[in-house]
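Structure, as structure tokens:
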Amino acid sequence: MNPAAHGPPPPVWSQLAIYVVIGAIVLFRYSRPMKMSVVRLFIAPVVFLALTVISIWASEAINPAPAWAVAAAVVIGVIFGVPLGVAMSAHRVVRRTEKAHIMYVEPSWVTAVIWIGAFILRAVIRLLLPPGVTATVVGDGLVLFGISAIVASYFVIYRKFRALDEAPQPT
């Protein structure tokens, strides 16, 4: 597949604008305490995962890489991201609310920085490395590193909330 057949890649400024908007949304969301339901807890990771899949799909359309290389990058990103996600949620405070299945989750800049950082590193790598398979695969691995850390983080938060539900209620 010839990358030139798909037309020129989007200008750097338009990609940067997209990253800035996504970054602002993520920073806003993770910089304040969140009151959320168990269902809502999993909405953000699903949206982030969808954005990640779209991003990888788009990069493959512009600069295709072998499927085995993309799969390897995905696996390596997940292997490194999951332990980080578990570690970064160990410090987050989850509190019960007066309503069942609703919780307060304290803010975490770490979560926002990791996800935004993965996208920034991906953009930098794609700018610094010559266009080709290496830039695509390394970028895909970094993005999967970020999203797997967030998904693991939310799973830890869910486990903390379930532990609160199973703990005896104060009388």
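Axis of helix 67-89 versus longest Cα principal axis of the chain: the two differ by about 30°, to the nearest ten degrees.
So what does log10 I(q)/I(0) come out to for the chain at q = 0.11, 0.16 Å⁻¹, using the Debye formula with one equal point on every Cα and no solvent? Values returned for q = 0.11, 0.16 Å⁻¹ are -0.51, -0.93. Our helix-only sum for the chain, with -39,500 (n - 2.57) per DSSP H run of n ≥ 4 divided by its residues, gives a mean residue ellipticity at 222 nm of -24000 deg cm²/dmol. Descending by average beta-carbon neighbour count within 10 Å, the peptides 72-80, 101-109, 18-26, 151-159 line up as 151-159, 72-80, 101-109, 18-26, the highest first.
Local charge for Gly146 was computed over the other residues whose Cβ lies under 14 Å away, with Lys and Arg +1 and Asp and Glu -1, and equals 0. Computed over the chain with a Gaussian network model linking Cα atoms closer than 10 Å, the most mobile of Thr134, Thr97, Thr52 is Thr97. Using the alpha-carbon atoms, what tilt in degrees (0 to 90, nearest 10) does helix 43-62 show relative to the longest principal axis of the chain? So the helix axis and the longest Cα principal axis differ by about 10 degrees. The Cα center of region 107-164 and the Cα center of region 41-75 differ in position by 11 Å.
So what's the angle, to the nearest 10 degrees on a 0 to 90 scale, between helix 133-166 and the longest Cα principal axis of the chain? Between helix and principal axis, roughly 10 degrees.
Bear in mind these aren't lab numbers, they're just calculated from the coordinates by the rules spelled out. Treat the numbers as computed from the prediction; the structure is a model and nothing was measured. FYI the Cβ positions are ideal-geometry reconstructions off the backbone, even for glycines, and counts take in every protein chain you see.
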